[in-house]
Amino acid sequence: MIVEIEKLDHFGRGITTINNKICFVENALPKEIVKIKIVTEKKKYLVSEVEKIIKESKDRVTPSCPYATICGGCHLEHLSFNKENEFKEQKVKEIIERFAKISQDLVKDIIFDKPYHYRNKITLHKEKNQIGLYEKKTNHLIPIKNCKLVMDELNKELTKLSISSQKEIVLRVGNKTGEILNSTTNQKSIISYIGNKKYRVSEKSFFQVNNIITEKLYNEIKKIIKEKNGTNILDLYCGTGTIGIYVSDDVKKVMGIESYKEAIEDAKYNKELNHSKNCSYILGKVEDLTKEITKEFDVAIIDPPRSGLHKKVVESLLEIIPKTLIYISCDPVTLGRDLNLLKQKYTIEYIRPYNMFPRTYHVETLTLLTRK
Ligand SMILES: C[S@@+](CC[C@H](N)C(=O)[O-])C[C@H]1O[C@@H](n2cnc3c(N)ncnc32)[C@H](O)[C@@H]1O
């Protein structure tokens, strides 16, 4: 069957319509004419594979990675980086309009940097005597010698890996220090820099994967706090204390809440490491600690996992209403859902997409909200 691709869906798959049914076509780009084979037929949609590209898009590029079509890590290796950035900006606009029910005009231009060798972390899998990454949507191991997304230091470490008893191997590299964390060795933490702040990061603690984009994102947060004369800062879902410590020189106090014990231990260590005497940390789930969200705080930075905010946290933010909310999100859908609730009491000033994860369909955003 020969079809024309209409657009990309939010996972970077081509979409076409066949007999009034939506059909997903992986590895196909808008305006391309492709010969496809239907591989799945469901009541509401079809899934197909490209057999032949008959008319190629001018935005198509030849993937530079030998594993591009099989590995599940990159979804947009066949699209030019310019168009990838446009796709992500448009994706945020469409999702926000649909879920937050606000104008697309609130979405600003995307911030991006280099497309490759940006990741400071890789998680590898081991099977029998081989180490690699999983094939798309399966647990089939593809042995790899190199990953184009990760920093050179990690690719070097990858070539030195010997087969250990661990099924999952985590490698991390510290920004500016070059320290390597390798979960098969005894080095269980590293020091990494963002700007002039340094952070201890343990094996399983969260740390943003893209150093350059993280610094740009944190600088925007710092700028907002300065402009708003922020004094008492809540750092919810604080991880290793990164954001709060980053802005701590400009404010009176920072209080962070985080549920992962190892991360909060890192945060307490990082406070000492940076002489940030005005920072304090509490271990626990934000939704169980809403009594800590008090009127004393004029700024709340919220950086939840993909699932977004717990209902109780939204309720508390609607009750206490800190003057400024800075919401960092890696999932525009849950962000949209939460903004739709928060907009009762807050004005959404703008949403800024950041291309934290080039060559994948994922996108990070910063949203600035102010009390109405
Ligand atoms: C996206 S990360 C942000 C971390 C940090 N703000 C940063 O930029 O490095 C989300 C963090 O929320 C933590 N977390 C997940 N669910 C939580 C909850 N219910 N309450 C508190 N922290 C939670 C995770 O352990 C993780 O450290």
Burial ranking of peptide ranges 318-328, 242-252 (average Cβ count within 10 Å, highest at the top): 242-252, 318-328
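Ranking request for peptides 165-177, 204-216, 31-43: highest mean number of other beta-carbon atoms within 10 Å first, then the rest in descending order. Present the calculation step by step, with values, prior to reporting the outcome.
Details: 165-177: 16.5, 204-216: 19.5, 31-43: 14.0.
Descending mean neighbour count gives 204-216, 165-177, 31-43.
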The stretch 108-216 - percent relative contact order, Cα under 8 Å, separation 6 or more: 25
Rg and Dmax [Cα atoms of the stretch 2-55; Å; Rg one decimal, Dmax integer]: 9.8, 29
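What is the Å³ per residue value for the convex hull set by the Cα atoms of the stretch 121-202?
Details: hull volume 8.3 nm³, N = 82.
Convex hull of Cα atoms, per residue: 101 Å³.
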Spatial separation of Cα centroids for the stretch 92-127 and the stretch 274-341, in angstrom: 20
Helix-only CD estimate at 222 nm, as mean residue ellipticity for the chain, using -39500 (n - 2.57) per DSSP H run (n ≥ 4): -7000 deg cm²/dmol
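Under the definition of Cα pairs under 8 Å and six or more residues apart, what whole-number percent is the relative contact order of the chain?
Details: 807 pairs, mean separation 52.2, N = 372.
Relative contact order for the chain comes out at 14 percent.
State whether the stretch 176-304 is rounded, prolate or oblate according to the following rule on the C-alpha gyration tensor (a ≥ b ≥ c being the square roots of its eigenvalues): a/c under 1.5 gives rounded; otherwise a/b larger than b/c gives prolate, and the remaining case gives oblate.
Numbers: a/c = 2.03, a/b = 1.38, b/c = 1.47.
Because a/c hits 1.5 or more and a/b fails to exceed b/c, the stretch 176-304 counts as oblate.
Show Met151, Met1 ordered by accessible area, largest first, where the area counts protein heavy atoms only and the probe is 1.4 Å. Write out the running numbers ahead of the final one.
Values: Met151 30, Met1 110 Å².
Highest to lowest solvent-accessible surface, that is Met1, Met151.
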Stokes-Einstein diffusion coefficient of the chain, Kirkwood radius over Cα pairs, 4 °C, 1.567 mPa s, in µm²/s: 58
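What does the highest-first list of 138-145, 220-227 look like by mean Cβ count within 10 Å?
Those peptides, ordered most packed to least, come out 220-227, 138-145.
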Listed residue pairs exceeding 23 Å between alpha carbons, taken from Lys198/Lys253; Lys261/Lys345; Lys83/Lys223; Lys126/Lys156: Lys261/Lys345; Lys83/Lys223
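The values are calculated or read from the model by the stated rules, or taken from the named source; none is laboratory data. Remember, predicted model here, so these are calculated numbers, not experimental data. Neighbour counts are summed over all protein chains in view; Cβ atoms, including those assigned to glycine, are modelled from backbone coordinates with ideal geometry. For the accessible areas, the whole protein counts, side chains as well, though only heavy atoms, and no ligand, DNA or RNA atoms are used. Shrake-Rupley method; radii C 1.70, N 1.55, O 1.52, S 1.80 Å.
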